[in-house]
Amino acid sequence: MLLHWSPKSPYVRKVMVCVHELPQLPKIALVRTVAAMLKPNDALMLDNPLSKIPTLVLDDGTALFDSAVICEYLNALAQGALFPPAGAPRSSA
């Protein structure tokens with residue numbers, strides 16, 4: 001897997017906490033990526049046409065580009081306990 005990231009992004013930091021807690025770091029290549037609003041990053045746009053980080057590119061080429069989606073994907077991949085499983089326990093108050 002490949003993760004487009006930047007240390008300045010709070011959304012990337014959220015993903016990195018999950019990466020370290022689950023531990024998935026050995027499975028992910030980190031690519032430091034600048035995502036400026038006025039100057040789209042051509043390399044990032046190949047994986048994410050919105051040109052936003054974080055973007056996780058899976059081994060099959062599928063791209064995930066929302067920090068919550070990425071965190072939940074990594075949790076499911078690692079069979080972690082950072083998020084409850086889908087269903088009643090997750091949605092009940």
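Assign unit charges at the C-beta atoms only (+1 for Lys and Arg, -1 for Asp and Glu), then state the dipole size of region 7-56 relative to its Cα centre in Debye, rounded to the nearest 20. Present the calculation step by step, with values, prior to reporting the outcome.
Working: 7 positive and 3 negative charges, 34 e Å.
I would put it at about 160 debye.
Express the carbon and sulfur contribution to the solvent-accessible surface of the chain as a percent, rounded to the nearest whole number, probe 1.4 angstrom.
Numbers: 3730 of 6050 Å².
C and S atoms contribute 62 percent here.
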- Query: How much net charge surrounds residue 6 when only other residues with a Cβ under 10 Å from its Cβ are counted (Lys, Arg +1; Asp, Glu -1)?
  - Reply: +3
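Considering only protein heavy atoms, what per residue accessible area in square angstrom results for the chain with a 1.4 angstrom probe? It would help to have the intermediate numbers written out before the result.
Values: 6050 Å² over 93 residues.
Using a 1.4 Å probe on heavy atoms only, each residue of the chain averages 65 Å².
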- Of the residues 17, 1, 62, the Cα lying farthest along the dipole of the chain towards its positive end, which is defined by charges on the beta carbon of Lys, Arg, Asp and Glu, belongs to 17
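Give, rounded to the nearest 20 debye, the magnitude of the charge dipole that the chain has about its Cα centre when Lys and Arg contribute +1 at Cβ and Asp and Glu contribute -1 at Cβ. Walk me through the numbers on the way to the answer.
Values: 8 positive and 7 negative charges, 73 e Å.
It works out to roughly 360 debye.
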- Message: Skipping prolines and chain starts, which residues have an amide H placed within reach, meaning under 5 Å, of the one on residue 55, given they are 5 or more residues away or on another chain?
- Response: 4
- Counting Lys +1, Arg +1, Asp -1, Glu -1, what net charge surrounds residue 36 among other residues with beta carbon under 13 Å of its beta carbon? +2
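The values are calculated or read from the model by the stated rules, or taken from the named source; none is laboratory data. Being a predicted model, the structure only gives us computed values, none of them experimental. Note that we place each Cβ from the backbone using ideal geometry, even for glycine, and neighbour counts take in every protein chain shown. Remember, those area values only see protein heavy atoms, side chains included, never the ligands or the DNA or RNA. Shrake-Rupley method; radii C 1.70, N 1.55, O 1.52, S 1.80 Å.
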